[in-house]
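Taken together, the values in this text are just the output of simple stated rules run on the coordinates, not laboratory data. Remember, predicted model here, so these are calculated numbers, not experimental data. Heads up, the Cβs are rebuilt from the backbone with ideal geometry, glycines too, and the neighbour counts pull from every protein chain shown.
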């Protein structure tokens with residue numbers, strides 16, 4: 001009887017220790033240069049346990065962890081960042097600021113199948129496919145069905161989540177368009193055509209930037225002529 005009691009006590013103590021070892025890591029994700037810009041649908045991964053979570057519309061996140069676990073934060077268009085859990089129990093608040101990826105991309109090198117831009121785009125598409133592949137659902141509104149006098153509708157309940165999903169899709173598409181322009185309209189190319197350097201080069205590229213639709217229609221030879229014409233007008 002004493003042996004059983006001791007065994008039960010030992011099991012209880014082990015359970016208590018395990019519970020105490022659980023940490024809830026929480027905080028908010030924002031843009032490093034503009035702290036008022038929050039990052040919704042950012043990916044939060046506990047590299048130690050493999051658990052994954054996502055930030056909400058306000059950029060807030062919550063994920064379970066243990067002491068010394070590594071938490072990695074990623075968001076489309078931003079450099080990834082990571083933290084190491086410091087506490088051994090309770091709630092640990094860690095606000096994270098992600099930095100926008102630099103505009104200066106590596107040179108475009110054509111491989112046997114894909115350019116670096118295409119490889120990066122495929123990787124991003126795989127990472128966020130679970131959101132992008134979901135069909136848009138109806139939002140709550142004047143046409144929301146109210147049959148049999150019911151005032152509650154699942155459409156109303158999930159409307160906020162649906163808006164977040166749609167907003168993420170729109171931002172993802174916009175970021176992909178910007179990346180495509182950056183992959184072709186590079187500082188190396190513009191400098192070769194115009195002879196500009198340093199701040200003058202950056203100023204010209206910022207003021208004279210082709211949009212996505214224009215870039216998709218231009219061949220590389222046409223792009224060189226386009227940059228030349230824009231540079232001549234810019235000098236005047």
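Got a number for residues in the stretch 156-195 being without any contact (Cβ under 8 Å) to a residue 24 or more places away in the chain, over 24 Å from residue 133 (Cα atoms) and surrounded by 15 or more Cβ atoms within 10 Å (Cβ to Cβ)? Steps first, please.
Filtering the stretch 156-195 for residues without any contact (Cβ under 8 Å) to a residue 24 or more places away in the chain gives 156-159, 161, 170, 173-174, 191-192, 195.
Those left that are additionally over 24 Å from residue 133 (Cα atoms): 191-192, 195.
Pick out the ones that are also surrounded by 15 or more Cβ atoms within 10 Å (Cβ to Cβ) and you get 191.
Adding up the residues that qualify gives 1.
Output the helices (runs of 4 or more DSSP H) that fall wholly within the stretch 158-217 and possess 2 or more residues being within 17 Å of the chain's Cα centre (by Cα) and under 28 Å from residue 122 (Cα atoms), or say none.
Numbers: elements: 159-184, 187-194, 198-207, 212-217.
Of the helices (runs of 4 or more DSSP H) lying wholly inside the stretch 158-217, those with at least 2 residues that are within 17 Å of the chain's Cα centre (by Cα) and under 28 Å from residue 122 (Cα atoms) span 159-184.
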Go through the stretch 32-48 residue by residue and tally those that are touching a strand residue (DSSP E or B) at 6+ places or on another chain (Cβ under 7 Å), in contact (Cβ under 8 Å) with a residue 24 or more places away in the chain and surrounded by 15 or more Cβ atoms within 10 Å (Cβ to Cβ). 7
Reported set for the stretch 49-63 where residues are over 18 Å from residue 129 (Cα atoms) and in contact with a strand residue (DSSP E or B) (Cβ under 6 Å, 6 or more places away or on another chain) is 58, 59, 60, 61, 62, 63
